[in-house]
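The values are calculated or read from the model by the stated rules, or taken from the named source; none is laboratory data. Owing to the predicted nature of the structure, the values given are computational and were not obtained by experimental measurement. All Cβ positions, even for glycine, are placed from backbone atoms using ideal geometry, and neighbour counts span all protein chains on display. Ligands, DNA and RNA are stripped out before the accessible areas are found, and what is left, the full protein with its side chains, is counted by its heavy atoms. Shrake-Rupley method; radii C 1.70, N 1.55, O 1.52, S 1.80 Å.
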Amino acid sequence: MQHTVDFKECLKDSPKFRASLEDAENDIEALEGRLERLVKQCNVMIDAGKAFSTASSGFVLGVRDLANYFGKDPLVSDDAKVAASLNRFAHSMSEMLKYLNILMDQAQRSVSKNLNSFIRVDIRKVKDTKKLFEKISDDMDSSLVRNSQAQRSKVQECEDANNALTAMRSCFAHTSLDYVFHINVLNSKKRFDILDTMLSFMHAQNTFFHQGHDLFQDLESTYMKDIAGQVSVFNTLLALCNNFFIFIENTLLRRTLTTS
């Protein structure tokens with residue numbers, strides 16, 4: 001939302017200035033709350049990604065261990081093929097996990113870190129300036145009260161009160177302008193910083209999915225077709241073996257019944 005505060009109204013300290021200032025402050029509070037929630041959600045996503053990566057790494061180790069089981073006797077050609085296929089699968093999964101870890105690192109650096117910096121530096125700067133503005137505003141009110149209460153019969157007292165009020169007005173004007181400046185800069189900066197952060201993460205996502213697509217496109221043209229062929233052969237052999245074992249079992253059963 002657009003909450004630019006007018007510098008001219010700021011110098012007047014008009015009701016319009018105070019109203020626009022309140023709107024701007026409420027808008028900054030709302031922005032800060034949403035950014036903090038987004039950072040927390042990003043951190044949850046990163047933690048979940050790391051947990052998935054850790055669990056998947058354990059799965060890859062299990063696949064390699066299974067490949068070692070089939071690779072114990074390299075003279076058995078079918079077992080050697082299974083072992084090679086499992087190792088290729090484990091290697092491909094390891095590559096995908098590397099891409100995932102890079103993506104989570106990008107999320108940490110481009111989203112969580114950048115937005116946290118915006119909250120802790122840019123928004124904090126505005127809030128610190130607000131505290132000073134509120135203090136000077138209170139001092140300004142006190143100076144106005146003292147000036148109004150100065151006894152006109154006491155020339156020196158009136159002169160001192162007037163001088164103090166003049167100095168306080170100058171200080172208030174300077175502080176007000178500085179506060180409005182920081183608010184307006186923040187309102188302009190938030191658009192660039194937030195969109196630039198999201199664009200950076202979108203580039204990281206784009207790279208992640210391109211890497212995965214390229215990896216599996218290569219696998220599909222070679223590895224996955226070979227695996228499909230092996231599965232088809234093993235399925236045919238399994239059916240033949242089952243039929244053979246059923247035949248043997250039935251033959252032995254008939255012989256046993258004939259003998260008895």
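Dipole size in debye (nearest 20) for region 1-65 around its Cα centre, Lys and Arg Cβ +1, Asp and Glu Cβ -1?
With Lys and Arg at +1 and Asp and Glu at -1, about 300 debye.
Can you tell me how region 1-118 classifies by the Cα gyration tensor, rounded, prolate or oblate, using a/c under 1.5 as the rounded cut? If you can, show how the numbers build up before the last one.
Values: a/c = 8.20, a/b = 5.90, b/c = 1.39.
Prolate, since a/c reaches 1.5 and a/b exceeds b/c.
At a probe radius of 1.4 Å, what is the per-residue accessible area of Met202, in Å² to the nearest 10?
120 Å²
Take the cross-link list Lys50/Lys190; Lys16/Lys125; Lys127/Lys189; Lys16/Lys127 and give me the ones stretching past 27 Å between alpha-carbons.
Lys50/Lys190
For Lys113, what accessible area in Å² do you get when you roll a 1.4 Å probe over the heavy atoms of the protein chains, rounding to the nearest 10?
130 Å²
Determine which lysines satisfy two conditions relative to Lys72: a Cα distance under 20 Å, and not lying fewer than 8 residues away in the same chain.
Lys81
Report the accessible area of His174, computed with a 1.4 Å probe over the heavy atoms of all protein chains in place, in Å² rounded to the nearest 10.
Its accessible surface works out to 130 Å², give or take rounding.
How high is the relative contact order of region 1-107, given as a whole-number percent (alpha carbon pairs under 8 Å, six or more residues apart)?
Value for region 1-107: 24 percent.
Kindly sort Cys171, Cys10 by accessible area of their heavy atoms, largest first, with the probe set to 1.4 Å.
I get Cys171, Cys10, largest accessible area first.
Which of Ala55, Tyr99, Val145 sits closest to the plus end of the dipole of region 25-152, meaning its Cα is farthest towards the positive end, when Lys and Arg get +1 and Asp and Glu get -1 on the C-beta?
Among Ala55, Tyr99, Val145, the one farthest towards the positive end of the dipole of region 25-152 is Val145.
Which listed residue (Phe192, Gln205, Phe181) has the Cα farthest towards the positive end of the charge dipole for region 170-223, taking +1 on Lys and Arg C-beta and -1 on Asp and Glu C-beta about the Cα centre?
So the residue furthest toward the plus end is Phe181.
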